[in-house]
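Quick note: the coordinates plus some simple rules give every number you see, no bench work behind them. Fair warning: this is a prediction, and the values are worked out from it, not measured in the lab. Glycine gets a Cβ as well: all are built from the backbone with ideal geometry, and neighbour counts include every protein chain shown.
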There are 2 protein chains.
Amino acid sequence: MEVKPGRMKKLGTHLVVDAWQSPGDLLNDPEHIRRAMIDAITAGGATLIDLCVHQFSPHGVTATATLAESHIAIHTWPEYGYFAADLFFCGAGDPHRAMEVLEIALEAKQVKRTEFTRGFDPGVGIQGCAYPKQLAPRLLKTSATRG
Amino acid sequence: MEVKPGRMKKLGTHLVVDAWQSPGDLLNDPEHIRRAMIDAITAGGATLIDLCVHQFSPHGVTATATLAESHIAIHTWPEYGYFAADLFFCGAGDPHRAMEVLEIALEAKQVKRTEFTRGFDPGVGIQGCAYPKQLAPRLLKTSATRG
C-alpha cells in the first residue's frame, strides 16, 4: 500500500477524562455500566462494533467499546468513587456528548476532561500531535437534581 | 459501597502514542496486528481478558484489548503510515515495554509517547490528575536493522 507522507491532518479527537465522587454502587454495577456505554455511544453518534464489560473481584468494572470511530474505554474504582474514561473518535461523532451521558449515568460530581487532537503529521510543522487542551474541572449536578 | 474520598493516589499510567512511517501493508494486516498485540501484552506483563481486532474497508485496523490492568487500543491509518496507540496500565505491568514491542512489530520509524498519571484525587492538593509527561519524539531503527 502506498503511504502518502506529509498529507496527514487531524484524524481524531481523544477525550481523556477523570471523574470523582460517583456512588460506589453505580461504579460496581456492570449492567448499569453496559447500558450507560450503549447510551453514550448512541448519543455520541457512534457505531458499536464490539463491547466487553468485565467485573473485577472484589470490586471494579472495566468496559471497552470498539467503535467504527475508534474506541471508548472506562475503568472504575468504586472504593474511591472514581472512574477513568477515554473517548477516541475519528471522523463523525461527538465524544463530548457521549461523555455527558456517562457523567450523568454514573453521577460524577467532579469531572476533568483533557482533549487531544490525534494524528497530525509531525513533518508538517506541528510539533508532535498530542497537545492537550485542558478543560477546567467542574462540578456537575447529579442526575437526580438535573432539570 | 463505602467511598473513601481523599485517600486516592496514583492508580495507573497511561501512555498516549502516535507513530509514523510504518509500512502500510503491516498497518493493514489484522492478523499481524493481533499477534503484535498479544506479544506486547505478554512483554508488558499484562493479562488479557478480551481482544477485538477489526478490519475496516477499504483499509485500516482497530484492535482493542481489555486487560486485567486496564486496556490497550490501537488504530491504524495505513494510507498515512500512521497509527495511534493507547496503553493504560494500573497496578502491575510495564506499558513502555509493551509499546516497544508494538513499535518494532509495526516498524514505526518515528514515535511520540506522552505519559499520563491517572487517578489522583483532586482534593488532595494535586491540580487534577491528567498532567502529561511528554517524552521526546525519537527515530527508531526498523526491526530489519535492529541489533
Taking the label point as lying 7 angstrom from Cα along the Cα-to-Cβ axis, what are the distances from B:P58 to the corresponding position in the remaining copies, in ascending order and in nanometres?
5.6
So if R0 is 25 Å, what FRET efficiency would A:R34 and B:R35 give, r being the distance between their Cβ atoms, rounded to the nearest 0.05?
0.25
Position A:E2, label points 7 Å along Cα→Cβ, spacing to each other copy in nm (shortest first, one decimal):
6.6
What are the nm distances, shortest first, from A:E31 to its equivalents in the other copies, labels at 7 Å along Cα→Cβ?
4.1
Cα gyration tensor, the range A:1-115 - rounded (a/c under 1.5), prolate or oblate:
prolate
Which of A:K9/A:K112; A:K109/B:K109; A:K109/B:K112; A:K9/B:K9; A:K10/A:K112 exceed 31 Å between C-alpha atoms? The answer is A:K109/B:K109; A:K109/B:K112; A:K9/B:K9
